[in-house]
């Protein structure tokens, strides 16, 4: 009998996740029921939101239960189908999670267009990353040509696309990333106007210098010290799509004082700022609009991206732990099977 | 030669304003130039934003200069006109400031409709207060019928109208005010569904109990401890028009820690909150829409309000200082002249 290797949540992290929070299990191959499909995972997307799902706390989605397979978006190949829309060999996108094989409801799967072969593009530029960037940037940030858009985590899966999309619509893109190598990539490969290293001791001053006309849109992925440097530079009527606060997911207690909340509320008023949180699933109604724009840009080679690929399902926990520490360089993927 | 009594900013307050920050001056009656109008002040509106204008700090409007007349909206009677649109005896609305007579540019004045006589209604329900309430509530808060709208400073000039407008459009209105007398007024006279005393020791618990379905719109006038009690109760997709933070205008240093900003940013994301600051002048384009709605409501007696009237220009500083401490009961006005 063949086995399915999977990674379950063994314990909830206190602070930064450690390998012991995960358990690798070899379990019997699952069987699809009526209307279901057995999918062999090819690619697993690793993303910061997963850290939040490990906490036993109310959020926009329920936490992963202890002993359950870790959640995650996947590209896979249909092995056996009991749903009329799918047949063996189809390449499908779904939420297979951290495992080699997943049984998915047919209605929760989408076929990957043959144009994209067995690539992970539907997990990145044409998938959740791309649509998150698009929704936050254009439906909340709404940059006008010539405005300054600042993007945190600018070399990552979402941030790298935000800046490029901003440029495609005529705005100026300023990235923030961790370290000189990532910053060079953001400027030289992705085409941002400039990129600042948030680890540099003079980061707040450098950011101010890089934004001589202030900041009109700040795409928030990070929180913490980066946010503190951005806030004083926001222009009147600036928009702040809040997509993530990766610096805070593992926080076990609030940072020491003083309490800067009143200062933030004063600035929201005096500069008439708009802060708005969002997650991808709030924007499913723009799927067609996004597809049309993103596919055209992608075919024209106008959206560059970098994949940080880890091999084999066993690599998922370390890929995830490293990403939370900023050790990734580009969109983090696990290649679970090669064919 | 007749004199004009006026109140100028003598010094900038550090913390709470004191009478010594103001100076009463008797100066020669000003003369209108070409295109200008000499207006005798009947009513002066006193409002929290004036505290902010006393600080020498960048904000949405420049600070009042030392030695300048304090700013303020006024209803007055034209004494002498050198502008073709106005004649002696006209009742006009403008920004006359804290003085008995003001020279105003004709183009900065509007005539008060004869229907309102010499009343201060154009400073309150049909003026800046009403339009501020309307803009923040309907253009940012956007309550749906049945949703819960919470209003800080609910017995004040703006807050009292926010809750009534919310009710008129089918929402549930929960007020927050200082003391049992104001709370009774908010419920019995203004018709809010309920009102909580923010000075009560169990205020956070009482607010939670008064909002069993959470909070969908929070109209922020106050900041500080009231905001801290509201934040945990905000529903997914709640909207927060930030109109004022009266508890913070006189703050000389940030409150002690921990820093609650990261917690706020996390909640903005996980609950997809929208926080947006605004001031009245951002919404001049809705003037006609507001007028149509407010005049109809006012004629039908559907917008109750209470005026807290102080007599004579000399009373302005104490009226203002008292308002910042919450000693007012209703919209604060100075009746500068009776006819």
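Below, the figures for the structure above:
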item	result
Condition met for residue B:320 (at the interface with chain A (Cβ under 7 Å from one of its Cβ atoms), in contact (Cβ under 8 Å) with a residue 40 or more places away in the chain and either in contact with a strand residue (DSSP E or B) (Cβ under 7 Å, 6 or more places away or on another chain) or within 24 Å of residue A:273 (Cβ to Cβ) (or both))	no
Region A:1-33: number of residues that are closer than 16 Å to residue A:55 by Cα, touching a residue at least 24 places away in the same chain (Cβ under 8 Å) and either exposed (fewer than 12 other Cβ atoms within 10 Å of the Cβ) or under 22 Å from the mean Cα position of the chain (by Cα) (or both)	12
Test: residue A:239 is touching a strand residue (DSSP E or B) at 6+ places or on another chain (Cβ under 8 Å), surrounded by 17 or more Cβ atoms within 10 Å (Cβ to Cβ) and farther than 21 Å from residue A:206 by Cβ	yes
Residue check for residue A:226: buried (at least 21 other Cβ atoms within 10 Å of the Cβ), closer than 20 Å to residue B:274 by Cα and in the same structural domain as residue A:136 (by TED's automatic domain parsing)	no
Elements of type helices (runs of 4 or more DSSP H) in region A:203-298, at least 3 residues being within 14 Å of chain B (Cβ to nearest Cβ)	A:224-230, A:261-270
Qualifying residue in region A:280-287 (condition: more than 16 Å from residue A:134 (Cβ to Cβ) and surrounded by 14 or more Cβ atoms within 10 Å (Cβ to Cβ))	no
Complete set of residues in region B:104-127 that are in contact with a strand residue (DSSP E or B) (Cβ under 7 Å, 6 or more places away or on another chain), within 19 Å of residue B:334 (Cβ to Cβ) and not in a loop (DSSP other than H, G, I, E, B)	B:104, B:122, B:123
Number of the condition not met by residue B:199 [criteria: (1) assigned to a loop (DSSP other than H, G, I, E, B); (2) within 25 Å of the chain's Cα centre (by Cα); (3) touching a residue at least 40 places away in the same chain (Cβ under 8 Å); (4) more than 10 Å from every other protein chain (Cβ to nearest Cβ)]	(3)
Number of positions in region B:167-181 that are within 17 Å of the chain's Cα centre (by Cα) and buried (at least 24 other Cβ atoms within 10 Å of the Cβ)	3
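For (1) in a loop (DSSP other than H, G, I, E, B); (2) modelled with pLDDT of 95 or more; (3) buried (at least 22 other Cβ atoms within 10 Å of the Cβ), each residue gets a yes or a no:
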site	(1), (2), (3)
B:40	no, yes, no
B:45	no, yes, yes
B:55	yes, no, no
B:59	yes, no, no
B:62	yes, no, no
B:67	yes, yes, no
B:72	yes, yes, yes
B:76	no, yes, yes
B:80	no, yes, no
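Okay, residues lined up against (1) buried (at least 18 other Cβ atoms within 10 Å of the Cβ); (2) in the same structural domain as residue B:78 (by TED's automatic domain parsing):
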| residue | (1), (2) |
| --- | --- |
| B:266 | yes, no |
| B:270 | yes, no |
| B:277 | yes, no |
| B:291 | no, no |
| B:299 | no, no |
| B:309 | no, yes |
| B:314 | no, yes |
| B:330 | yes, yes |
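Rundown of residues vs (1) at pLDDT 95 or above; (2) closer than 26 Å to residue A:145 by Cα; (3) within 20 Å of the chain's Cα centre (by Cα), yes/no style:
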| position | (1), (2), (3) |
| --- | --- |
| A:190 | yes, yes, yes |
| A:224 | no, no, yes |
| A:233 | yes, yes, no |
| A:240 | yes, yes, yes |
| A:246 | no, no, yes |
| A:274 | yes, yes, no |
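The values are calculated or read from the model by the stated rules, or taken from the named source; none is laboratory data. Bear in mind that the values here come from a model prediction, so they are computed numbers and not experimental data. Positions of Cβ are backbone-derived with ideal geometry, glycine not excepted, and every protein chain shown enters the neighbour counts.
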